[in-house]
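The values are calculated or read from the model by the stated rules, or taken from the named source; none is laboratory data. These numbers come from a predicted model, not from an experiment. No Cβ is skipped: glycine too gets one built from the backbone with ideal geometry, and neighbour counts run over all protein chains shown.
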Amino acid sequence: MARVTSIGEVRDDGSILLYDDNIKFRQDFTTPRRIRPSTNQKMKMDEWGLQWVTSSFISGIGIEGNNLYIRFWNGSYYIYYGFGIHYDKMLKANSKGRYFLRNIRKTKKYEKIGSLPFPDDSQASDEELFEALANQQNQIVKMMYEKGVSSVVLDPKTQNEFLKIVFQGETIFLAINNVS
């Protein structure tokens, strides 16, 4: 790290490892902090047709037709077929990684189309990156469960049970069983 600014630590490549004062529950973990791409990285992503984003896992997203393109911080570049509808929603999401995990990751309609590397990208494999994202999400849910208010609710239509967790004004539902 080169120097500390009021918003984060400037890395050697010019990207900024952001302080997340507005996300208080992240202080309880050793999870990665969000990264803001450098000016050069932003310009390169623009050349590649990607919109840069501030995220600890995803560096850029793009859309062409009905397909969504995602570049991860390890340089991997994927296409998600038929997921273009998620482009605007993902841009607006507070956590791009959490949005990806909840709404896109589970699809089988994707393909790795290459690598668009930056010199200081993570050296993690795709499997390690996706596992770290899932682990981070699990840690956050566990902490929310421990520090929040929870209850079990039943969906009368499907007979599925969900754990309802309310934490800092946000409510999430997690499936805890599936009745066929």
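Values as computed for the structure displayed
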{"quantity": "Subset of region 52-72 (residues that are of a type in the set (V, I, T) and modelled with pLDDT under 95)", "calculated": "V53, T54, I58"}
{"quantity": "Residue list for region 91-108, filter: more than 15 Å from the chain's Cα centre (by Cα) and closer than 16 Å to Y77 by Cβ", "calculated": "none"}
{"quantity": "Complete set of residues in region 78-130 that are in contact (Cβ under 8 Å) with a residue 24 or more places away in the chain, surrounded by 15 or more Cβ atoms within 10 Å (Cβ to Cβ) and in a helix (DSSP H, G or I)", "calculated": "Y87, M90, K96, G97, R98, F100, L101, L129, F130"}
{"quantity": "Residue match in region 100-116 (condition: more than 18 Å from L50 (Cβ to Cβ) and among the aliphatic types (A, V, I, L, M))", "calculated": "yes"}
{"quantity": "Matching option when the condition is part of a loop (DSSP other than H, G, I, E, B), surrounded by fewer than 19 Cβ atoms within 10 Å (Cβ to Cβ), modelled with pLDDT of 70 or more and of a type outside the set (S, T, Y), among G14, G49", "calculated": "G49"}
{"quantity": "Only listed residue being modelled with pLDDT of 70 or more, among the charged types (D, E, K, R) and surrounded by 15 or more Cβ atoms within 10 Å (Cβ to Cβ), chosen from E170, E161, E146", "calculated": "E161"}
